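K.L.:
Please read through the structure below; I'll follow up with questions.
The values are calculated or read from the model by the stated rules, or taken from the named source; none is laboratory data. What you see is a predicted model, and the numbers here were worked out from it, not measured in a lab. Positions of Cβ are backbone-derived with ideal geometry, glycine not excepted, and every protein chain shown enters the neighbour counts.
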Amino acid sequence: MARIAWGAYSGIIVLFMLTPLVLVVLFSFTDNALTNFPINAFSLHWYRILDANPEFWKAFENSLKVSLGVTLISTVIGTMAAMVLARWRERLANAALLALAAPVTLPALVIGIALLVFFNKVGVPLSLATVIAGHLVITQPFVILIVYARMVNFDYAAVDSARDLGASPWRAFWTVTFPIVSSTVIGAALIALAISLDDFIITFFTIGGGNTLPTFVWGKVRTYLDPSINAIGTILITLTVGSTAIALWISRYRG
Amino acid sequence: MIGPSGAVFLLLFVAPFAFLFVVSFWRKKMFVLEPDFTLVNYSETLADYGWPLAFTLMIAFAIAVLTTVLAFLFAYAIRFHAGRYANALLFVTLITLFGGYLVKIYAWKTILGTEGILNSALLTLGIVDQPLTVFIYNPGAVVVTLTHFLLPLAVLPVFASLRGVREAGLEAARDLGAGATRVFRDIVVPQCLPGIMAAFTFSFLIAAGDYVTPRYVGGPYTSMIGDFIEGQFSLRFDWPAGAAMSFTILGAGLAIIALVRWALGALRPR
Amino acid sequence: MTTVSGGGPGGATPLVRLRGLSKKFGDVAAVQPLDLDIFAGDFFALLGPSGCGKTTLLRMVGGFTPPSTGTVEIDGQDVTRLGPEQRPTNMVFQGYGLFPHMTVRQNIGYGLRIAKASDAEIAERVGAIMTLVRIGELAERRPDALSGGQAQRVALARALVMRPRVLLLDEPLAALDLKLRKQMQEELRRIHQSIGGTFVFVTHDQGEAMGLANRIAVMEAGACVQEGGPEEIYLRPKTRFVSSFIGEANMLAGERRGGTVTLRAGIAFTDAGPDGPVVLVVRPEAIRLDGGTAGLGTTGRLDDVVFLGPYVRYRVTLASGEEIAAHSADTGRRAGMAVGAAVQIGWEAADHRVVAGT
């Protein structure tokens, strides 16, 4: 009896989490003018409309520039920080992690307006560079937390052995340390990529002019229900869910 | 080595945040910011936006409680009842974590709308003969949409803390005479209070600061403070007022979180 | 069905009566139907290798695992369908199962609080039990600040404070290092003597079973193969498995025909019983190396001599290729023994057991 109840509950929650996303993907492949039933026919109609729209391609290009920049920078600096923190005393490291994770807890709205006011004050013109800077604030905590969790269990005897066998510190890092932690680092990088691709609010306040995919969607949600949003949504879902899934698979995450 | 990360944290988070706090005591004169030390922005926030503030705290509280309870039960099911499906359930949770913030809001708008999926399904099935308007443009739609967005985020910290709860402890409690309810209340919940609080804190603050969801599915009577804060920056350019509103909602939010933490402290063992 | 005769006080009613008790997990029989009686005051060991079903049996007594067949009676009352919280048993778990969010005092007082004892009574009983198991100074610590031995004592106190009719212990000493294990063995015996309760524990360590229990049930592959006092089990093992599991034993293969046993090693003697392959079991300390005795004997080649403190261990290979270990407390004699030389070995017929099988 209890088994059935828990199973039913889990099923309902999974449906609740997945259904909206599944519907977006489903309707992106129809030519319905409104997103509702009945479904007319399978069609790439909305993808063709997007393809013909130069603004979409510009937003797509901007999204890739921003996300790849954010991924590269936050992975490098986050990994470096995590490796240092992993050798700190546990209490000190935990305090530092708590502080570094604070931006993730706050509403993105507050981070967005704080950055807008700050960039304005110090005279930095808004551009894709300021968007990248803004994204770093929310992506680097994830990289640090993920890599730190791996590094605290790292067996430094392996590195010491490499040194003992004649490897320079540099060589020991690239031949021993990095191969051991690389799957975790790649996993963290893909999570950073997913967050950056998905971010709308911080981008909105720090971009100045132009669009990324989420702000492009925003412009469309604002006007009226344009089903081409389903197609952009499917592209975003494919990219973010895809990179998350690959990240999980690579790092064998189990919660 | 920790330098670059520290620089990002200090220059792009601490400094802007501190400066925004300073600006909340400034004045706006003729579209120019003027340094000052005045509490006028705060008193005006309370006077002009008292109702949106109160409403935001109430709806965010409701969303956070609902999300945390649903997340706890789901994480509990994964931890103790899912068996070989545990990894699959966890996987679904993780991939929906980053499934598109705006896309999710848009999806709910298309599901709940008057010409939306729910109504067209009900019409097709002949359950109703007129589209229902009760699904969207009300606080309920905001609760559903934000709960959907926040749920994966809340499941993860709760699950992480539930993983630390050992079966032997639960059996020991039963052995000492505790029934199912007492085991739950005395052993399970107190051990994952940190995870529960993390889930509640995330959900509450993010819900309280959201402005996109209420604007698109909330309708005219769902006036949340985030909507007004965003307006101060994109329409009225009154940054000091927007800053004061931001810190007011953050302060009130943190106070409520502290209160909840204190109340849950009653579950600590004697 | 394995039927085991009670070895307790004659005519007394058993405190714990298991009848036809078995457990299947899917198709796997973890415990085959068995009967077992445990009497008040017993310090009872369930002994066997890992996977033999001993923990499952203990958990069925505690109420954590519902049996597939059979009944559990405690104090004359059928408790088969009762959950652990309704049984007059308490368990010391393997890995202890301490509540990490409670102090030692709160851990120990938890059961009494559930039972709605008054604050004064809780304080008094918790204090008394902490004195008994010698952890008084740890009262305000949390489990993660305890050593393995201390955690073990807290788990013991938490169960004992409930004054269980039967205390169940699942591999109570497995997680401790050798020295602590010896200490805790003494502690457990002292506590058992001072409160006079009934303890049932599971172990895979025959030394632990011999050192603690007054009665032992040896389990193999879900069945109870022999049950009795430590001496009986050590001196008169019923099967080859029991003899090899309890202490060290030499095994010599042979065959019985018409009441005469002939060993492959070339020794023959009369021993009544059915025809068929048999194994002769003899303990190393029963083997003598002086030869020319009235008992049984043969010659072999001395392969190894090891001085082990209280005794010397000799290894002898017989003509049949079988190896014999012999322990001798006469440590001075080894000076006259040369490795590689022929030696005479022998033992008294009263010291061996013949069991059927190969």
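K.L.:
Can you find, within region A:4-36, the residue that is surrounded by the fewest Cβ atoms within 10 Å (Cβ to Cβ) among those that are farther than 19 Å from B:THR68 by Cα and within 7 Å of chain B (Cβ to nearest Cβ)?
P.N.:
A:LEU34
K.L.:
Being without any contact (Cβ under 8 Å) to a residue 60 or more places away in the chain and of a type in the set (A, V, I, L, M, F, W, C): is that true of C:LEU280 here?
P.N.:
Criteria not met by C:LEU280.
K.L.:
Exactly one of these conditions fails for B:LEU151: (1) at the interface with another protein chain (Cβ under 7 Å from one of its Cβ atoms); (2) free of Cβ contacts under 8 Å to residues at least 40 places away in the same chain. Give me its number.
P.N.:
Status for B:LEU151: all satisfied but (2).
K.L.:
List the helices (runs of 4 or more DSSP H) inside region B:167-270, counting only whole elements, that have at least 2 residues being touching a strand residue (DSSP E or B) at 6+ places or on another chain (Cβ under 6 Å) and over 30 Å from B:GLY113 (Cα atoms).
P.N.:
Where helices (runs of 4 or more DSSP H) fall fully within region B:167-270 and carry at least 2 residues being touching a strand residue (DSSP E or B) at 6+ places or on another chain (Cβ under 6 Å) and over 30 Å from B:GLY113 (Cα atoms), they are B:167-175.
K.L.:
Quick one: which of A:ALA162, A:ALA167, A:ALA231, A:ALA192 is small (Gly, Ala, Ser) and within 16 Å of the chain's Cα centre (by Cα)?
P.N.:
Going through A:ALA162, A:ALA167, A:ALA231, A:ALA192 in turn, just one is small (Gly, Ala, Ser) and within 16 Å of the chain's Cα centre (by Cα): A:ALA192.
K.L.:
Within region A:133-155, restricting attention to residues that are among the aromatic types (Phe, Trp, Tyr) and more than 25 Å from A:PHE205 (Cβ to Cβ), which residue is surrounded by the most Cβ atoms within 10 Å (Cβ to Cβ)?
P.N.:
A:TYR148
K.L.:
Within 20 Å of B:ALA208 (Cβ to Cβ), crowded, with 17+ Cβ neighbours inside 10 Å and within 7 Å of chain A (Cβ to nearest Cβ): does that describe B:LEU70?
P.N.:
Spelling it out, B:LEU70 is indeed within 20 Å of B:ALA208 (Cβ to Cβ), crowded, with 17+ Cβ neighbours inside 10 Å and within 7 Å of chain A (Cβ to nearest Cβ).
K.L.:
Would you confirm whether any residue within region A:161-179 is surrounded by 20 or more Cβ atoms within 10 Å (Cβ to Cβ) and not in a helix (DSSP H, G or I)?
P.N.:
So far as region A:161-179 goes, no, none of its residues is surrounded by 20 or more Cβ atoms within 10 Å (Cβ to Cβ) and not in a helix (DSSP H, G or I).
K.L.:
B:LEU264 - would you say it is closer than 30 Å to C:GLU140 by Cβ and in contact with a Gly (Cβ under 6 Å, 6 or more places away or on another chain)?
P.N.:
No: the conditions fail for B:LEU264.
K.L.:
If B:ALA172 satisfies every condition in (1) free of Cβ contacts under 8 Å to residues at least 24 places away in the same chain; (2) within 14 Å of chain A (Cβ to nearest Cβ); (3) of a type in the set (Gly, Ala, Ser) but one, which is the exception?
P.N.:
(2)
K.L.:
Report yes if C:GLY196 is modelled with pLDDT under 90 and more than 25 Å from C:GLN86 (Cβ to Cβ), otherwise no.
P.N.:
So C:GLY196 does not fit the description; no.
K.L.:
Kindly list the number of the only condition in (1) closer than 20 Å to C:ILE195 by Cβ; (2) crowded, with 18+ Cβ neighbours inside 10 Å; (3) within 14 Å of another protein chain (Cβ to nearest Cβ); (4) out of contact with any Pro (no Cβ under 7 Å at 6 or more places or on another chain) that fails for C:ARG113.
P.N.:
If we test C:ARG113 against (1) closer than 20 Å to C:ILE195 by Cβ; (2) crowded, with 18+ Cβ neighbours inside 10 Å; (3) within 14 Å of another protein chain (Cβ to nearest Cβ); (4) out of contact with any Pro (no Cβ under 7 Å at 6 or more places or on another chain), just (1) comes out false.
K.L.:
Something else now. I'm checking my understanding of the structure. Among residues of region B:73-119 that are polar (S, T, N, Q) and more than 28 Å from A:ALA2 (Cα to Cα), which one is surrounded by the fewest Cβ atoms within 10 Å (Cβ to Cβ)?
P.N.:
B:THR114
K.L.:
Restrict the check to region A:94-106 and report whether at least one residue is in contact (Cβ under 8 Å) with a residue 40 or more places away in the chain and either closer than 26 Å to B:LYS104 by Cα or of a type in the set (Val, Ile, Thr) (or both).
P.N.:
Scanning region A:94-106, I find at least one residue that is in contact (Cβ under 8 Å) with a residue 40 or more places away in the chain and either closer than 26 Å to B:LYS104 by Cα or of a type in the set (Val, Ile, Thr) (or both), so the answer is yes.
K.L.:
I'm trying to understand the selection: among the residues of region B:1-12, which are within 7 Å of chain A (Cβ to nearest Cβ), closer than 24 Å to A:ARG87 by Cβ and either among the aromatic types (Phe, Trp, Tyr) or in a helix (DSSP H, G or I) (or both)?
P.N.:
Listed by number, the residues that qualify are B:PRO4, B:SER5, B:VAL8, B:PHE9.
K.L.:
In region C:223-263, how many are within 16 Å of the chain's Cα centre (by Cα) and part of a strand (DSSP E or B)?
P.N.:
Here the count works out to 6.
K.L.:
Further, regarding this structure: Would you check which residues across region B:73-92 are more than 7 Å from chain A (Cβ to nearest Cβ), within 25 Å of A:VAL24 (Cα to Cα) and of a type in the set (Val, Ile, Thr) and list them?
P.N.:
None - no residue of region B:73-92 is more than 7 Å from chain A (Cβ to nearest Cβ), within 25 Å of A:VAL24 (Cα to Cα) and of a type in the set (Val, Ile, Thr), so the list stays empty.
K.L.:
Looking for something part of a strand (DSSP E or B), touching a residue at least 24 places away in the same chain (Cβ under 8 Å) and touching a Pro at 6+ places or on another chain (Cβ under 7 Å) - is there at least one such residue anywhere in region C:290-301?
P.N.:
No, there is no match, as no residue in region C:290-301 is part of a strand (DSSP E or B), touching a residue at least 24 places away in the same chain (Cβ under 8 Å) and touching a Pro at 6+ places or on another chain (Cβ under 7 Å).
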